[in-house]
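Trainee: The structure's right below; bear with me while I get my questions together.
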Amino acid sequence: MQSESCDYLVIGAGIIGLAVARELNQRYPAANITMIDKESDVASHSSGRNSGVLHAGFYYSADSLKAKLTRDGNAALRKYCQENRLRINECHKVVVAQTRDEIPDLYELEKRGKANGVDVRIISEHELAEIDPNARTCQRALYSPATATVDPVEVSQRLKKELIKKGVRICFVESYVKRISTNKIQTSKRVIEAKRLINAAGLYADRIARDFGYSQHYTILPFKGAYLKYCGSDKPVRTNIYPVPNLKNPFLGVHFTITVDGAIKIGPTAIPAFWRENYSGAAGFNASEMLEIIAHQAQLFALNSFGFRDLAFEEVQKYNRSYFAGLAAQLVKSIDVKGFREWTRPGIRAQLLDTRTRKLVMDFVVEGDKWSTHILNAVSPGFTCSFPFAKMIVDSTAKS
């Protein structure tokens, strides 16, 4: 088997891997940087299947990585799109309350946003009507003018072209197989020794990390996310409309998203998946993964850890389009629920589970040493955070 070496090896060509390679190249333009990915192109999984929303950063407590990285990432990605003439839809966002009991949570979100330096404010029903006449709320809503949408595939493809032009080597259809020694790995095609390895493998990051002695108390628990697209000829909403979230879990609830090309969709689901690439039917079926994941799910279900049993029952109902559309309809004054007829391409959220506490990990998680760095949890808003997240990762490699 062919052997070779490089200065930096990045595993995974999703948005985080691409951003890390870009940051490495900018700092060390003479370095030999290699990326590998088991798919035939970049952003084949979560990075290319997400909503494309540039989040503002008001959901997260000020002491979290997500707080600062989302705020800075919004600005960085917005600048990148502008400089590269990539599309941005400045559609903004409102969070609406369905009952008076949810109003205190709106103020909590505003408090978090202001603590994070985010432009966010509480507005009245009258002000909400000026932003989107069809949005419905109980007395108050939260307004985020910094929220926008982009095309995640378009952004990822532009990054790929930039990296290739600058000499970064990207090897597709090449998967990680095993660790041979300190920083020497075997792929499906060759043996590669790197001075520094960065694991940004998304759905499989935990498995690779264990090969290096990390992710001992974590495992990926996959959730399937899908959206329904509105196919009517009218445009019933003109901004992103979100419900007040349950701040105890990382899911934001069924909401309206305005895509970069102006389409309207509702979602996502957060349906527990049975294997890591359980997108549709039996495609990508993996028996060993299913047994491992179902074992974790069974325990969570029996104990109802973090409300998993309730979540599972709720999410499965969303396969019913009428039920799913009905949840979104609660956020607006009127809409033709029969207009939501087309499922978009589903994605899988690579959500990290702490096996000690049996809880979903809310913040980003990175482990490693002077030889390797393992990005274990980079779920939403990972796309928005990608540029400053990559800077943080490269900063850590320089210090170790």
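Every number in this text was worked out from the coordinates using simple rules, so none of it is lab data. These numbers were taken from a predicted model, which means no experiment stands behind them. All Cβ positions, even for glycine, are placed from backbone atoms using ideal geometry, and neighbour counts span all protein chains on display.
Trainee: Report, in degrees rounded to the nearest 10, the 0 to 90 angle that the Cα long axis of helix 15-27 makes with the longest principal axis of the chain.
Mentor: Approximately 60 degrees, to the nearest ten.
Trainee: If you don't mind, another one. How big is region 245-400 on each of its three principal axes, counting only the C-alpha atoms and giving the largest first in Å?
Mentor: For region 245-400, the Cα spread along each principal axis is 56, 39, 32 Å.
Trainee: Something else now. Kindly express, to the nearest 10 degrees and within the range 0 to 90, the angle between helix 287-303's C-alpha long axis and the longest C-alpha principal axis of the chain.
Mentor: The helix 287-303 is inclined about 40 degrees to the chain.
Trainee: Cα atoms only: what Rg and Dmax, in Å, come out for the chain?
Mentor: My reading of the Cα-based Rg and Dmax gives 21.0, 68 Å.
Trainee: Let me ask another. In square nanometres, what is the average projected area of the Cα convex hull of region 261-344?
Mentor: Values: hull surface 28.5 nm².
Quarter of the Cα hull surface area: 7.1 nm².
Trainee: Going by how many other Cβ atoms sit within 10 Å of their own, how do LEU69, LEU353, LEU303 line up, fewest first? Walk me through the numbers on the way to the answer.
Mentor: Details: LEU69 27, LEU353 24, LEU303 11.
By the 10 Å Cβ count, ascending: LEU303, LEU353, LEU69.
Trainee: For Cα pairs less than 8 Å apart in space and 6+ apart in sequence, what is the mean separation divided by the residue count of the chain, i.e. the relative contact order in percent?
Mentor: Values: 861 pairs, mean separation 96.3, N = 400.
Averaging sequence separation for qualifying contacts and normalising by length gives 24 percent for the chain.
Trainee: Please order ARG136, ARG210 by the number of other Cβ within 10 Å, starting at the fewest.
Mentor: Values: ARG136 19, ARG210 15.
Fewest-to-most ranking of ARG136, ARG210: ARG210, ARG136.
Trainee: Turning to a different aspect of this structure: At a 10 Å Cβ-Cβ cut-off, how would you order TRP275, TRP371, TRP343, fewest neighbours first?
Mentor: Numbers: TRP275 22, TRP371 14, TRP343 17.
Going from sparsest to densest Cβ surroundings: TRP371, TRP343, TRP275.
Trainee: Can you compute the equivalent ellipsoid semi-axes for region 137-226, i.e. the square root of 5 times each eigenvalue of the Cα gyration tensor, sorted largest first and rounded to whole Å?
Mentor: Values: eigenvalues 244, 96, 28 Å².
Sorted largest first and rounded, they come to 35, 22, 12 Å.
Trainee: Run the reach check for LYS370 against aspartates and glutamates, Cα to Cα strictly under 20 Å, same-chain hits fewer than 8 apart removed. What comes back?
Mentor: Result set, ordered by chain and number: ASP7, GLU23, GLU193, ASP206, ASP211, ASP395.
Trainee: Another question about this same structure. How about region 356-400: which trypsin sites (Lys or Arg not before Pro) there are in a DSSP loop, with at most 16 other Cβ atoms within 10 Å of their Cβ?
Mentor: Values: sites: ARG356, ARG358, LYS359, LYS370, LYS391, LYS399; in loops: ARG356, ARG358, LYS370.
Filter output for region 356-400: ARG356, ARG358, LYS370.
Trainee: Let me ask something else about it. Helix-only estimate, please: 222 nm mean residue ellipticity of the chain, summing -39500 (n - 2.57) across DSSP H runs of length 4 or more and dividing by its residues, to the nearest 500.
Mentor: Working: 11 runs with 130 residues, N = 400.
Estimated from H runs of four or more residues: -10000 deg cm²/dmol.
Trainee: Taking a threshold of 26 Å on the Cα-Cα distance, which of the pairs LYS38/LYS391; LYS66/LYS161; LYS166/LYS189; LYS111/LYS160; LYS160/LYS391; LYS38/LYS195 fall above it?
Mentor: Details: LYS38/LYS391 24 Å; LYS66/LYS161 28 Å; LYS166/LYS189 24 Å; LYS111/LYS160 38 Å; LYS160/LYS391 18 Å; LYS38/LYS195 21 Å.
Pairs exceeding the cut-off: LYS66/LYS161; LYS111/LYS160.
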